[in-house]
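A.B. asks: Attaching a single structure in structure tokens format; questions to follow.
The values are calculated or read from the model by the stated rules, or taken from the named source; none is laboratory data. Predicted model only: the values in this text are computed from it and were never measured. Cβ placement follows ideal geometry from the backbone for every residue including glycine, while neighbour counts extend to all protein chains displayed.
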Amino acid sequence: MITGRDIENAVHALRTADPLVVLTPGLIYKYLGKRPSCGGCLPLITKLMVAYDDEDPSAQTSLAGRQGIGTSGGRSY
């Protein structure tokens, strides 16, 4: 079983190791040493992964700084 805390820790560790890493559910599973059984939880893993990545101010700051995007306003697309 994978908990929300597991996903949060994995996102933090992966971002710390490489601020520009492309996070995917497969990368989270690999980091945790797990394999999905049926894939039914992948949408939830994705949702949590994105939410925890958005909460990490260091990830946003470093990525925004590299792309020249201001961190005070909304996102630029």
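A.B. asks: Tally up the residues in region 27-77 that are at pLDDT 95 or above and among the small types (Gly, Ala, Ser), please.
C.D. replies: The total comes to 1.
A.B. asks: May I pose another question? Quick check on my filter: what residues within region 1-47 are part of a helix (DSSP H, G or I), of a type outside the set (A, V, I, L, M) and loosely packed, with under 14 Cβ neighbours inside 10 Å?
C.D. replies: Gly4, Arg5, Thr16, Gly26, Lys30, Pro43, Lys47
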